[in-house]
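Inspection log for the structure reproduced underneath, given as C-alpha cells.
The values are calculated or read from the model by the stated rules, or taken from the named source; none is laboratory data. Owing to the predicted nature of the structure, the values given are computational and were not obtained by experimental measurement. Every residue, glycine as well, gets a Cβ built from its backbone with ideal geometry; the counts of neighbours run over all protein chains shown. Ligands, DNA and RNA are stripped out before the accessible areas are found, and what is left, the full protein with its side chains, is counted by its heavy atoms. Shrake-Rupley method; radii C 1.70, N 1.55, O 1.52, S 1.80 Å.
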Amino acid sequence: MTHELNLPNQPVPSQKGTGHHEPERHETEHKAQQQNNQTTLMIEGAGCVSCVGKIEGALKQVPGVQSANMNFADRTVLVEGAVSPDQLIQAVQKAGYQAKASANNGVDTLEEKEEEDFKYYKRLLRDMAIALSLGIPLMAYGLITGEMSVNTPTERVVWLIVGLLTLSVMIFSGKHFYTGAWKSFKNHSANMDTLIALGTGTAWLYSMVVVLFPEIMPSVARHVYFEATAMIIGLINLGLALELKARGRTSEAIKRLIGLQPKTARVVRNGQEIDIPIEDVVIGDNVRVRPGEKISVDGVVIEGHTAIDESMLTGEPIPVEKQLGDEVIAGTINKTGSLIFEATRVGKDTALAHIINMVKHAQNSKPPIGRLADVISTYFVPVIMIIAVLSALAWLNFGPEPSLAFAIVSATTVLIIACPCALGLATPMSVMVGVGKAAEAGVLIRNGEALQTASKITAMVLDKTGTITLGEPKVTDIVLTSDESKDTVLQLAASLESGSEHPLALAITESAKEKQLDLLTVDTFNTIAGHGVEATITGKQLLFGNEKLMISKHIEIAAFVDQAQSLAAEAKTPMYFAVDGKLSAIIAVADPIKEDSIAAIQRLQANGVRVVMLTGDNRNTAKAVAEKVGITEFYAEVLPEDKTQKVQALQMEGEIVGMTGDGINDAPALAMANVGFAIGTGTDVAIESADITLMRGSLHGLADAIAISKATLSNIKQNLFGAFVYNAAGVPIAAGILYPVFGVLMSPIIAGAAMAFSSVTVVSNANRLRFFKANKS
C-alpha cells in the first residue's frame with residue numbers, strides 16, 4: 001500500500017492541466033512568505049519566567065512585529081513579522097538582555113543552542129567549584145568551632161581577608177547574578193537575579209560592617225555570614241548546571257528528528273553518480289538511494305522499486321512499498337531495492353524540515369494553564385521583596401537579641417528560598433516533552449492550547465471516507481438500467497469525474513483507466529454540493545450522484561431503489577447515473593475499512609469518548625460501515641455545511657468535541673471543533689484547518705494524542721502544584737514562622753540549596769514524560 005504524507009506548510013507540486021492547484025500555489029507562496037518573516041532569537045540573561053513577559057513585550061513594541069513567543073525552557077524567541085534581526089536584537093538589549101539571531105532562522109537552532117549550553121554548563125560548574133571551595137571550609141569551620149564572630153583585632157584581620165576572598169567569589173562566580181539584577185533595576189523590574197543579588201549582597205555587606213566597624217554593633221550581633229554568601233552562590237550555580245543538563249534531555253525528540261537528515265546525497269549528474277553535501281542538492285536533481293540508506297530530500301521515484309521505512313516520521317511500523325511515480329520523504333530509510341528519484345523539495349522545504357519547525361513552534365506555545373503561572377510570576381519577585389522587608393521589620397521589633405542579626409538572616413533567607421524559576425519552568429518543560437513525545441508517535445500538535453484541550457475531549461466525530469475507511473474506493477458493480485453498455489456508462493462517468501479529486505470520483509476514473517477507456521471532453525460541468533455533479537458531454541446531458549440529485553432533477557428511480565439499498569447494505573456506495581433525463585445505471589463503489597479502525601474506535605470508546613460518524617454517503621451504506629466498526633451513533637447524507645452544524649450541536653450538549661477528517665469539505669468542521677484532527681494523508685486544506693495532524697492514517701493516533709495530552713497536562717499540574725507548595729511553605733518558614741514554637745530559624749545556606757534544587761525537581765519530573773507509553777488496549 002502506498003500513501004503520500006502531506007504536512008502543514010508543505011508545498012505541493014501542481015498537477016498539470018487540472019487548474020485545481022492554482023489557489024494552492026498562491027497559498028503555498030503565502031506560507032513561504034510567512035516563513036521568510038520568521039526570526040528565531042537565542043536569548044542570554046533570562047534568569048526567570050518574569051523575564052519572558054519583558055522580552056516578549058519589548059519585541060512586540062518593534063514596528064512590524066506581529067507576534068513574539070519565547071520558550072523559556074530553551075531560551076529562544078520565535079518572532080513573526082517583516083523586521084530585521086538587528087532591530088529585534090536591539091529591542092532585546094534595550095530590555096536588559098542579550099540576543100543573537102539563529103544562523104539558519106531556527107532550523108539549526110538546537111545545534112547552536114547545544115553548543116552554547118555546553119559552554120555555559122562548563123562555566124557554571126567552574127563557578128560552582130570556586131564558590132564552594134571557599135564556602136564549604138568556612139561552613140565546616142563554623143559548625144566545628146561555632147566561632148563566626150568578630151571580637152579581637154586578629155579576628156578582624158582574618159575575617160577581612162575572608163571578606164575580600166568572598167568578594168572575589170561574588171565577582172568571579174556570581175557576576176551574572178549581579179549584572180542581571182542591575183540590568184533589571186535599570187529597566188525598573190526585578191527577577192530571580194534580583195533576589196539572589198539582594199540576599200547574598202545583604203549577607204556580605206552586613207558581615208563587612210561587622211568586620212570594619214564592630215564597635216557600632218552589639219557584641220552578640222558581631223556575627224559574619226561570608227560562608228552563606230559563598231555557599232549560596234556555589235549551590236545556585238550547581239542548581240543551574242543540573243537544570244541545564246536536565247533541560248537538554250527534553251529536546252531529545254527534536255534531536256532525533258534532526259538526526260534523520262543525512263549529511264550527503266548521491267546525485268546523478270552528466271551520467272555520473274557523485275556524493276555531494278545535502279545543501280548542494282537542487283530541485284530536479286536525480287538522486288540514487290541504495291538499500292539501507294536514508295532518503296536525502298523529498299522527491300518522486302523515477303526508477304526502481306523498493307520498500308521504505310517511514311516509521312520515524314509516521315509511527316507506522318510496516319515499510320511502505322514505493323514504485324514509479326510515488327513520493328519519497330527525506331529522513332525515511334530505503335529498506336530493500338535501489339531506486340532513483342527526482343528531487344522536488346530541498347532544504348527547509350522538505351516535509352522533515354516542516355515537521356521539525358512545527359514541533360518547535362508548538363513547543364514554544366503556551367497552553368492556557370501556563371498563562372496563570374506567567375501572571376503569578378510577574379508579581380512574584382516584588383511580593384517576595386516586600387515579604388523580606390516585612391520579615392526583617394518583624395524581627396527588629398519583636399525578635400530576641402541579637403534582633404538585627406535575626407532580621408538580616410530572615411530577610412536573606414526569604415530572598416534566597418523564593419524560586420520563580422520553578423513556576424516558570426513548570427509548564428514549558430512539560431509541553432516540550434509532551435509535544436516531542438507526540439511527534440515520536442506520529443502526532444503533530446500545532447500549539448499548547450490544542451495539547452491541553454485534547455485531554456478533555458468527550459466526543460469524537462469521525463468522517464467516514466478516508467478516515468474510517470482507506471479512502472481508496474474501487475468500482476465493484478455497474479447495474480445497467482438502460483440500453484447503454486457498461487463501458488459506455490463507465491467512459492461517460494469517468495469523463496465527467498475527471499476533474500474531481502473526491503475519492504469516489506477517483507475510483508471511477510481509475511476503473512476506466514484500467515479498462516483503457518479514453519476520456520471524453522467535458523463541455524459544461526457543475527458541482528451540486530452534497531448531491532453530485534451535472535455535465536454535458538458530446539451533447540448528452542449527464543447527471544451523476546445520489547438519490548436526492550435524481551429526485552431534484554425529476555429522474556425516475558423508484559424501480560431501482562431496492563437494488564441500490566441492497567448494495568448499500570453491503571457497505572458499498574451506490575451512485576445513480578442518468579443520461580438525457582433517464583436513469584442509465586447504478587454504479588457501486590466500495591471503500592475498504594482500514595485494518596485497525598475497529599480496534600482504534602474501541603480504544604476511544606473504552607476511554608469514555610463518545611464516537612460519532614458523519615458521512616455524505618447514503619444511510620444504508622453509512623449504517624453498514626458503522627455496524628462493522630462498532631459505532632452506534634452516525635449521521636448519513638450530511639452535506640459539507642451540515643458537518644459544522646453537527647459539531648456545534650454536540651458542543652451545545654456540553655461535549656468537548658474532537659473532529660477528524662481528511663477532505664476539503666471537512667475543513668469548516670475541523671475549524672469549528674474544540675480540537676480538529678487531520679489525517680496526514682489528506683488534503684492540505686484539511687491539515688491547515690486542524691489543530692493536530694496524524695502523520696499516519698491510523699485512528700490509533702487519536703487515542704495516542706488524547707493519552708499523551710492527558711499525561712502532559714497531569715505532569716504540568718504536578719509541576720505547578722510542587723512549585724506552589726514549595727514557595728507557599730518555604731517562604732513563611734524562611735521568614736521565621738516556626739521560631740516562636742520550635743525556636744528554629746532556617747539558615748540561608750539551606751535556603752540556597754532548596755532553591756537550587758527546586759527547579760531541578762520540576763525539570764526532572766517533566767523528563768519522566770519521556771518514558772510515557774500510551775496503553776494500546
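Looking at the range 259-289, which of the residues that are open to solvent by 70 Å² or more (accessible area, probe 1.4 Å) and of a type in the set (A, V, I, L, M) is nearest to residue 324 (Cα to Cα)?
Here is the first cut: in the range 259-289, the ones open to solvent by 70 Å² or more (accessible area, probe 1.4 Å) are 263-264, 269-273, 275, 279-280, 282-283.
Filter again for of a type in the set (A, V, I, L, M), leaving 282-283.
On the way: 282: 21, 283: 18 Å.
In this case the residue turns out to be 283.
From the set of residues in the range 460-480 that are β-branched (Val, Ile, Thr) and in contact with a Ser or Thr (Cβ under 6 Å, 6 or more places away or on another chain), which is farthest from residue 570 (Cα to Cα)? Steps first, please.
Start the filter on the range 460-480 by keeping residues that are β-branched (Val, Ile, Thr), which leaves 461, 465, 467-469, 475-476, 478-479.
Going one step further and asking which of them are in contact with a Ser or Thr (Cβ under 6 Å, 6 or more places away or on another chain), we end up with 467-468, 475.
On the way: 467: 19, 468: 16, 475: 13 Å.
Checked the range 460-480; the qualifying residue farthest from residue 570 (Cα to Cα) is 467.
With respect to the numbered conditions (1) under 23 Å from residue 771 (Cα atoms); (2) touching a Gly at 6+ places or on another chain (Cβ under 8 Å); (3) surrounded by fewer than 24 Cβ atoms within 10 Å (Cβ to Cβ), which one is the sole condition not fulfilled by residue 458?
(1) is the only condition that residue 458 fails.
If you check every pair at least six apart or on different chains, which have Cβ atoms under 6 Å apart with a residue in the range 171-183 that is on the phi < 0 side of the Ramachandran plot first and a residue that is modelled with pLDDT of 85 or more and surrounded by 14 or more Cβ atoms within 10 Å (Cβ to Cβ) second?
Going by the 6 Å Cβ cut-off, the qualifying pairs are 173/127; 173/130; 173/131; 173/233; 174/233; 177/197; 178/197; 181/197.
How about the range 142-159: which of its residues are open to solvent by 60 Å² or more (accessible area, probe 1.4 Å), in contact (Cβ under 8 Å) with a residue 24 or more places away in the chain and assigned to a helix (DSSP H, G or I)?
156 - this is the single residue of the range 142-159 that is open to solvent by 60 Å² or more (accessible area, probe 1.4 Å), in contact (Cβ under 8 Å) with a residue 24 or more places away in the chain and assigned to a helix (DSSP H, G or I).
For the range 68-84, which residues satisfy the criterion of being of a type in the set (S, T, N, Q) and open to solvent by 30 Å² or more (accessible area, probe 1.4 Å)?
If we filter the range 68-84 for residues that are of a type in the set (S, T, N, Q), which is where we start, we get 69, 71, 76, 84.
Hits for the range 68-84 are 69, 84.
Considering 388, 394, which residue is open to solvent by less than 20 Å² (accessible area, probe 1.4 Å), modelled with pLDDT of 75 or more, of a type outside the set (S, T, N, Q) and under 27 Å from residue 177 (Cβ atoms)? Walk me through it before giving the result.
Values: 394 fails: open to solvent by less than 20 Å² (accessible area, probe 1.4 Å).
Answer to the check: 388.
Restricting the search to the range 38-61, which residues are open to solvent by 20 Å² or more (accessible area, probe 1.4 Å), within 22 Å of residue 188 (Cα to Cα) and either among the β-branched types (Val, Ile, Thr) or not in a helix (DSSP H, G or I) (or both)?
Listed by number, the residues that qualify are 44, 45, 61.
Considering the range 190-213 alone, what residues qualify as being in contact (Cβ under 8 Å) with a residue 24 or more places away in the chain and open to solvent by 30 Å² or more (accessible area, probe 1.4 Å)?
198, 202, 204, 212
Find the residue count for the range 327-339, including only residues that are of a type outside the set (A, V, I, L, M) and open to solvent by 30 Å² or more (accessible area, probe 1.4 Å). Let's see the steps before the verdict.
Narrowing the range 327-339 to residues of a type outside the set (A, V, I, L, M): 327, 331-332, 334-338.
Applying the additional criterion that residues be open to solvent by 30 Å² or more (accessible area, probe 1.4 Å) yields 335-336, 338.
Total meeting the criteria: 3.
Taking residue 166 as the residue in question, decide whether it is closer than 17 Å to residue 128 by Cβ and polar (S, T, N, Q). Full working, then the answer.
Values: closer than 17 Å to residue 128 by Cβ: yes; polar (S, T, N, Q): yes.
So residue 166 fits the description; yes.
Yes or no, residue by residue, for (1) closer than 16 Å to residue 589 by Cα; (2) open to solvent by less than 60 Å² (accessible area, probe 1.4 Å); (3) part of a strand (DSSP E or B):
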residue	(1), (2), (3)
467	no, yes, no
478	yes, yes, yes
524	no, no, yes
527	no, no, yes
554	no, no, no
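Please work out if residue 246 is assigned to a loop (DSSP other than H, G, I, E, B) and at pLDDT below 85.
Numbers: assigned to a loop (DSSP other than H, G, I, E, B): no; at pLDDT below 85: yes.
When the stated conditions are applied, residue 246 does not pass them.
Based on what the data block shows, is residue 562 over 23 Å from residue 477 (Cα atoms), more than 47 Å from the chain's Cα centre (by Cα), charged (D, E, K, R) and surrounded by fewer than 16 Cβ atoms within 10 Å (Cβ to Cβ)? Reasoning before the result, please.
Working: over 23 Å from residue 477 (Cα atoms): no; more than 47 Å from the chain's Cα centre (by Cα): yes; charged (D, E, K, R): yes; surrounded by fewer than 16 Cβ atoms within 10 Å (Cβ to Cβ): yes.
Here the answer is no, as residue 562 does not meet what is asked.
Pairs only if they're at least six apart or on different chains, beta carbon under 8 angstrom, first in the range 263-282 and within 18 Å of residue 332 (Cα to Cα), second basic (Lys, Arg) and surrounded by 10 or more Cβ atoms within 10 Å (Cβ to Cβ); list them, first residue then second.
Listed by first residue and then by second, the contacts come to 266/288; 266/290; 267/288; 277/263; 278/263.
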